[in-house]
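Asks: Below you'll find the structure I mean.
The values are calculated or read from the model by the stated rules, or taken from the named source; none is laboratory data. Nothing here was measured: the structure is a model prediction, and the numbers come from that model. Heads up, the Cβs are rebuilt from the backbone with ideal geometry, glycines too, and the neighbour counts pull from every protein chain shown.
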Amino acid sequence: MTIARTLKIDLRATPYYHCMTRCVRRTYLCGQDKETGQDFSHRKGWIVNRIKQLASIFAIKVCAYAVMSNHYHLVLFINEAEALAWNENEIKSRWAALFPHDADQFCKKHLTDEQVQTKIAIWQERLMCISWFMRCLNEPIARFSNLEDNCTGRFWEGRFKSQALLDEGAVFSAMAYVDLNPIRANAAVTLETSEFTSIYERIQAATKALKKAKTSTKKIIQQCDNAKQPRKLMSFANGKKADDLIPFKLSDYLQLVDTTGRILREDKRGVIPEKLFPILQRLNLSTKSWLNMIKNLEKDFSHAIGEEKLLIAFGARYSERAPKGAKISNKYYCKVA
């Protein structure tokens, strides 16, 4: 049974979510079509630019993204505190940036104060809603692509898939999974050449700082963590404490993804010594469970990712809110360790 999006996204459980959308029939509508030879790779740039534009309007930050030839991935953070802090004018201006005609009609109508407040509250809620974020991302891309192809009909396969990321291990495994998509698909050999991904942007920004660093490892790590991070991506905390920062060091994350990418190569399926992965101990994950989450993120997890006890709690909250008679999928209770 299809589960309502409002039941799958629960801010009491987590503000982090992994989302994915595929092109219709999984065709390469954003890459080089193997049948016709046509190259639509420029559409990847459309998607990346739209993601960044929406991130500057919504109270939703982008932790990671990867745009592939027939699908794309996002790891999103809902910044509820930011949305609740907006005043009425801020909400109006942000909504007008998305739907200028809608906002213009609202200003022309003679509404009571109560009607105005109701409309503002609706807009405020939508501006921190992943469903509206994805709608505002997918619809224009589909329209522009169909116009370019001189055709009509679906461009995206259907509803986007979303997974709640219930703990730090789930967040970082989803981010690494997303950033490694071109490597896994043999579309890139290194992270430095994985264009249209968030880690490519982060590496480009870090590289500028590393050019000034000396040869010592300590200096390189410090320069990397002090580097100016991409403005439209959610920043790494790098030792700071803030709810709207990824609670991780950029240098550790880059090493984590690079090492994980080496492990996932077909000719290197061995076990990684624990001493090479100190970050896994901080996340309370074993090497085995980390690799399991990375390899089977979409296959073994349905609507949420995390430790077993958190999955069970998430499933219980869903059961409380679900329509009478609805049953929760057993995949909620997938073990990760």
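Asks: Among TYR17, TYR28, TYR65, which is the only one that is crowded, with 17+ Cβ neighbours inside 10 Å, part of a loop (DSSP other than H, G, I, E, B) and among the aromatic types (Phe, Trp, Tyr)? Let's see the steps before the verdict.
Replies: Numbers: TYR17 fails: part of a loop (DSSP other than H, G, I, E, B); TYR65 fails: part of a loop (DSSP other than H, G, I, E, B).
It is TYR28.
Asks: Limited to region 89-105, what total is found for residues that are touching a helix residue (DSSP H, G or I) at 6+ places or on another chain (Cβ under 8 Å) and either of a type in the set (S, T, N, Q) or at pLDDT below 90 (or both)?
Replies: Qualifying residue count for the region: 3.
Asks: Please tell me if ILE199 is buried (at least 17 other Cβ atoms within 10 Å of the Cβ), over 15 Å from the mean Cα position of the chain (by Cα) and in contact (Cβ under 8 Å) with a residue 12 or more places away in the chain.
Replies: Considered against the rule, which asks whether it is buried (at least 17 other Cβ atoms within 10 Å of the Cβ), over 15 Å from the mean Cα position of the chain (by Cα) and in contact (Cβ under 8 Å) with a residue 12 or more places away in the chain, ILE199 comes out as no.
Asks: Shifting gears a bit: For region 208-287, please list each of the helices (runs of 4 or more DSSP H) lying entirely inside it that holds at least 3 residues being modelled with pLDDT of 55 or more and in contact with a helix residue (DSSP H, G or I) (Cβ under 8 Å, 6 or more places away or on another chain).
Replies: Qualifying helices (runs of 4 or more DSSP H): 217-226, 250-263.
Asks: Let me ask something else. Within region 230-260, work out how many residues are basic (Lys, Arg) and touching a residue at least 60 places away in the same chain (Cβ under 8 Å).
Replies: 1
Asks: Starting from region 297-321, keep only residues that are among the hydroxyl-bearing types (Ser, Thr, Tyr), then list their pairs with residues that are surrounded by 13 or more Cβ atoms within 10 Å (Cβ to Cβ) and not in a loop (DSSP other than H, G, I, E, B) whose Cβ atoms are within a distance under 8 Å, requiring at least 6 positions of separation or different chains.
Replies: SER302/GLN163; SER302/LYS331; SER302/TYR332; TYR318/LEU7; TYR318/LYS8; TYR318/TYR332
Asks: Here is a check on your reading of the model: is GLN53 surrounded by 14 or more Cβ atoms within 10 Å (Cβ to Cβ), within 17 Å of LEU11 (Cβ to Cβ) and without any contact (Cβ under 8 Å) to a residue 60 or more places away in the chain?
Replies: Working: surrounded by 14 or more Cβ atoms within 10 Å (Cβ to Cβ): yes; within 17 Å of LEU11 (Cβ to Cβ): no; without any contact (Cβ under 8 Å) to a residue 60 or more places away in the chain: yes.
Considered against the rule, which asks whether it is surrounded by 14 or more Cβ atoms within 10 Å (Cβ to Cβ), within 17 Å of LEU11 (Cβ to Cβ) and without any contact (Cβ under 8 Å) to a residue 60 or more places away in the chain, GLN53 comes out as no.
Asks: Say we look at region 149-179 and pick out the residues that are closer than 30 Å to ALA313 by Cβ, part of a loop (DSSP other than H, G, I, E, B) and not aliphatic (A, V, I, L, M); which of these is modelled with the lowest pLDDT?
Replies: Out of the qualifying residues, it is GLY158.
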